[in-house]
Amino acid sequence: MPLELRLAWRNVWRNPRRTGLTVAATVFAVVLVVFFVAMAAGLHEKMIEDAVRIQSGHVALAGEGYFDNRTLEQFVALDDALRAELDATPGVRGWAPRVIGFALLSKETDARGVAVFGVDPEREPSVTSLKEKLKRGEFVSAERPNGIVLAERLARNLGAELGDELLLYSEAYTLESAFDLFTVVGIMKLPDVSLDRSLALISLADAQAFFVYGQRVSEVAILAKEASVAPVVAAAVRAATRGAAVEVRTWDRLMPELVQFIFIDDAGMYIMLVILVVVVAFGILNTILMSVLERTRELGVLLALGLRPAAVFRLVYAESLLLASLGLALGLGIAIPLVLWFQGHPVELGAEMAQAGELFGMEPLMTWKLKPLNPIGSILTILGVAVVAAFYPAVKASRGRPVDALRSL
């Protein structure tokens with residue numbers, strides 16, 4: 001071990017109480033940084049996953065102008081060639097065509113405006129979790145025509161139960177009146193309150209017949225392997241549909257409110273983490289500076305014996321890095337197992353937090369996600385803080401004069 005490092009290690013433990021407090025503050029900061037960054041990563045990933053799995057998918061393909069107007073006039077011609085392209089697109093976990101329209105749904109004298117989703121019973125479960133939200137009954141099926149699945153609040157508002165016949169009334173693509181009787185085959189509970197009040201599902205074939213839509217679809221929802229590859233999938237779909245009157249959007253453009261919420265949440269978290277890092281910086285600065293001031297005579301003697309100022313500078317920096325490294329090692333040793341445990345054991349949210357999560361269709365669960373950049377970022381941050389905090393004490397120590405040390409004898 002080099003002489004400077006041995007001296008630095010001895011000097012770090014010259015005052016065990018002060019060193020212990022500084023290391024404890026560093027450990028506390030590292031644990032909080034890793035824990036809260038992992039919590040934010042898990043929470044945001046779950047919010048995105050739950051939101052896209054309820055409705056939009058990570059990527060949506062629709063007719064040009066559909067996302068702004070949401071009418072039947074904008075459509076996608078889903079032919080065999082496009083189906084083959086979607087199946088072959090790298091990064092795609094699943095895709096599902098839909099016909100989406102708006103209608104009046106009535107039972108006896110009561111009526112409600114509803115969003116009608118015509119879904120492919122085979123493909124929809126590979127993209128969304130709508131089938132998993134069933135509380136009673138069964139999902140729509142091509143073998144059971146004119147079956148309809150209602151969201152729970154919508155069914156309650158209509159007073160509808162399984163087996164009831166409801167009248168669906170709207171305007172077809174041909175501008176003719178569209179109306180037909182549908183039988184309630186299922187009731188589902190959705191975390192998104194607005195959808196739970198207004199969503200009705202019928203099969204894709206029934207929707208195409210009801211709206212006189214032929215083989216057209218309103219949109220194709222695409223689920224990527226993860227949210228981070230959505231831009232790559234979107235670029236591949238755009239390339240596959242080049243020349244067609246369609247547009248492709250990723251989840252962040254489809255749900256700007258969710259993006260804003262994540263940004264604000266991240267901003268608040270990083271403000272708190274900056275405060276923690278500043279506390280650690282002042283702790284290291286105080287420990288190193290007090291150590292230098294207490295050793296004015298010792299450092300002066302070393303300089304008088306011929307130790308170069310650069311060596312004194314390195315000695316003080318080594319002490320700072322040793323303090324930071326001790327705190328990092330202990331902090332990561334506590335934080336990583338703690339986060340991994342929580343990652344495997346999600347925590348149910350309380351009633352107030354669950355209601356806030358409903359705004360984005362999020363299930364009431366708090367999850368954690370430990371990404372490699374989390375501990376790596378913590379290491380670089382704390383070491384960077386140690387380097388900055390030690391600069392002034394190191395400069396002060398290296399510029400000491402032997403004569404000042406002799407006068408203090």
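Comparing V34, V116, V274 in a Gaussian network model of the chain (Cα springs below 10 Å), the most mobile by mean-square fluctuation is V274. GNM on the chain, alpha-carbon springs under 10 angstrom: the most fluctuating residue among R70, R216, R242 is R242. Rounded to the nearest Hz, the phi-derived 3J(HN,Hα) couplings of region 89-96 under the Karplus curve 6.51 cos²θ - 1.76 cosθ + 1.60 (θ = phi - 60°) are 5, x, x, 8, 8, x, 9, 8, where x marks glycine and proline. For the pair R17 and F263, a Förster radius of 35 Å applied to the C-beta separation gives a FRET efficiency near 0.25, rounded to the nearest 0.05. Residues I202, I336, ranked from the fewest to the most other C-beta atoms within 10 Å, line up as I336, I202. About its Cα centre, the chain has a charge dipole of approximately 3380 debye under the convention of +1 per Lys or Arg Cβ and -1 per Asp or Glu Cβ, with nothing else charged.
A crude spin-label estimate for the pair R308 and Y169, with each label 7 Å from Cα along the Cβ direction, gives 9.4 nm. Counting only DSSP beta bridges whose two residues both lie in region 65-244, roughly 75 percent are antiparallel.
Take every pair of alpha-carbon atoms less than 8 Å apart whose residues are at least six positions apart; their mean separation over the length of the chain yields a relative contact order of 27 percent. Placing R0 at 25 angstrom, the Cβ-Cβ distance between K371 and I271 gives a FRET efficiency of 0.75 after rounding to 0.05. For the chain, leaving out every one of the GluC sites (Glu not before Pro) that falls in a DSSP loop and has at most 16 other Cβ atoms within 10 Å, the longest unbroken run is 227-409. Relative to the longest principal axis of the chain, what angle (0 to 90°, nearest 10) does the C-alpha long axis of helix 373-389 take? It is inclined by approximately 30 degrees.
For region 65-244, a simple Cβ point-charge model (Lys and Arg +1, Asp and Glu -1, everything else neutral) yields a dipole of about 560 debye relative to the Cα centre.
The alpha-carbon of K189 sits under 15 angstrom from the alpha-carbons of these aspartates and glutamates, leaving out residues fewer than 8 places away in its chain: D50, E132, E138, E152, E161, E358, E363. Once the Cα atoms are used to define both axes, helix 309-344 deviates from the longest principal axis of the chain by about 30 degrees. Relative contact order for region 65-244: 32 percent, from Cα pairs under 8 Å spaced at least 6 residues apart, divided by residue count.
A cut-off of 5 Å between modelled amide H atoms, ignoring neighbours fewer than 5 places along the same chain, links W95 with L223.
Just one of [x] -0.78, -0.87; [y] -0.68, -0.76; [z] -0.52, -0.65 is log10 I(q)/I(0) by the Debye sum over Cα atoms at q = 0.09, 0.10 Å⁻¹ as worked out from the coordinates here. Which one is it? So the calculated entry is the one marked [y]. Would you be so kind as to identify which of S126, A224, Q208 lies farthest towards the positive end of the dipole of the chain, taking Lys and Arg as +1 and Asp and Glu as -1 on Cβ and the Cα centre as origin? About the Cα centre, the residue reaching furthest to the positive side is A224. Taking label points 7 Å from Cα along the Cα-to-Cβ direction, V212 and R93 give a separation of 4.0 nm. Under a Gaussian network description of the chain, with springs only between Cα atoms under 10 Å, the residue in P125, P372, P346 that fluctuates furthest is P372. Between F282 and V193, the FRET efficiency from the beta-carbon distance, with R0 = 60 Å, is close to 0.85.
Read the figures in this text as sums done on the coordinates, not as results from a lab. All values derive from a computational prediction rather than experimental measurement. Note: ideal-geometry Cβ built from the backbone for every residue, glycine included; neighbour counts use all protein chains shown.
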